[in-house]
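The values are calculated or read from the model by the stated rules, or taken from the named source; none is laboratory data. These figures come from a predicted structure and were not determined experimentally. Please note: Cβ atoms are built from the backbone with ideal geometry, for glycine as well, and neighbour counts cover all protein chains shown. Note: accessible area is taken over every heavy atom of the protein model, side chains too, but ligands, DNA and RNA are not part of it. Shrake-Rupley method; radii C 1.70, N 1.55, O 1.52, S 1.80 Å.
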Amino acid sequence: MSTENLLRALYSSGGLTPEAALLFRQIVYGHYRRHGRTLPWRETHDPYAILVSEIMLQQTQVDRVTGKYMSFLSAFPDFRSLAAATLDAVLSTWQGLGYNRRALNLKRCAEAVVTEHGGTLPSTIAELEKLPGIGHYTARAVAAFAFSVPSVFIETNIRTVFIHHFFNDSEKVHDREITPLVEGTLDHGNPREWYYALMDYGAHLKRLHGNPSRRSAHHATQSPFKGSNRELRSLILKAILDRPGITLEEIMPFLNKPQDAALSNLKQMEAEGFIAMRKGRFFIA
């Protein structure tokens, strides 16, 4: 019997017994020892650098993040430099990653860390969750990777691993079914390395089995960027970054959308704190 089938047999007959949990960790760590990825944010214990990587990795593939991560840290090496930077400098460095709201929130987070915590990122989940742009997942991931807190969290690769091994014949698997298994198999002695191993193994299973996480109740296909409102906002932001003080009439040739769509987004982006309008001209806020 293969190790994988043995794990399923153990789990189906007795649930997550200590024997099943141990075998599962052996499978995950075995793959990690042989095929673990070397990524720049795994080479540091700096909480700031780890937070930057976690924000960048939200809804963005690892390959796209790697280059931008290094250039962003070169431009803004710590919370104080990011907090003091102008928003247009931050957004210019962020260009190419998409979801620009993340950059805005990351800067606001840096400002809060400097003003409220003296430039040092708090280590507790409760304090992390109070910071701008840090939600349930990010707080727990940063706590694990930066401070070795044995927190429980789920993302797409982690979800893939547990669905593949423990819900092989199930559809619409909810995270509330997975969470006790994540907690029960967690390596409390080294949560940082354990989650790296889980994520790498999940990425491997996606390539091997066509993404088992599609059987998750939370699976959603990302809408195409081309022609989307996200693309429109990106084009508007790029036009303002390239030409501070640009007017609506000057922005329009860069867009393939009606003027009312552009105006609606400009108003929304101003309300969100991205841009400012002065005498009919648009600037980064």
Check: What angle do you read, to the nearest 10 degrees and between 0 and 90, between the alpha-carbon axis of helix 229-242 and the longest principal axis of the chain?
Finding: 50
Margin query: Can you pull out the trypsin sites (Lys or Arg not before Pro) in the range 247-285 whose DSSP state is coil and whose Cβ has at most 14 other Cβ atoms within 10 Å?
Written below: LYS279
Margin query: Under 28 Å between alpha carbons: how many lysine pairs meet that in the chain, if sequence neighbours fewer than 8 apart on the same chain are excluded?
Written below: 22
Item checked: Qualifying trypsin sites (Lys or Arg not before Pro) in the range 17-68, DSSP loop, other Cβ atoms within 10 Å at most 13 -> ARG37
Check: Once you charge only the Cβ atoms, +1 for Lys and Arg and -1 for Asp and Glu, what is the size of the charge dipole of the chain about its Cα centre, to the nearest 20 debye?
Finding: 660
Checklist line | Solvent-accessible surface (1.4 angstrom probe) belonging to ILE134, in square angstrom, nearest 10 | finding: 10
Checklist line | Charge tally in the Cβ shell below 14 Å around SER53, where Lys, Arg are +1 and Asp, Glu are -1, SER53 excluded | finding: +1
Notebook entry, point to check: Based on the alpha-carbon gyration tensor of the range 230-285 and its eigenvalue square roots a ≥ b ≥ c, which shape applies: rounded if a/c is under 1.5, prolate if not and a/b is larger than b/c, or oblate?
Noted result: rounded
Item checked: Net dipole in debye of the range 18-114 [+1 Lys, Arg Cβ; -1 Asp, Glu Cβ; about Cα centre; nearest 20] -> 220
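State to the nearest 20 debye the size of the charge dipole of the range 199-285 about its Cα centre, where the only charges are +1 on K and R beta carbons and -1 on D and E beta carbons.
260
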Item checked: chymotrypsin sites (Phe, Trp or Tyr not before Pro) within the range 217-277: DSSP coil, no more than 16 neighbouring Cβ in 10 Å -> PHE225
Margin query: Suppose accessible area is computed on protein heavy atoms with a 1.4 Å probe; arrange ASP260, ASP169, ASP200, ASP46 from highest to lowest.
Written below: ASP169, ASP260, ASP46, ASP200
Next item on the list: List the relative contact order of the chain as a percent without decimals, with contacts defined as Cα pairs under 8 Å and 6+ residues apart.
Entry: 16
Check: Taking +1 at the Cβ of each Lys and Arg and -1 at the Cβ of each Asp and Glu, which of MET277, LEU10, HIS188 sits farthest along the dipole of the chain towards its positive end, judged by Cα position relative to the Cα centre?
Finding: MET277
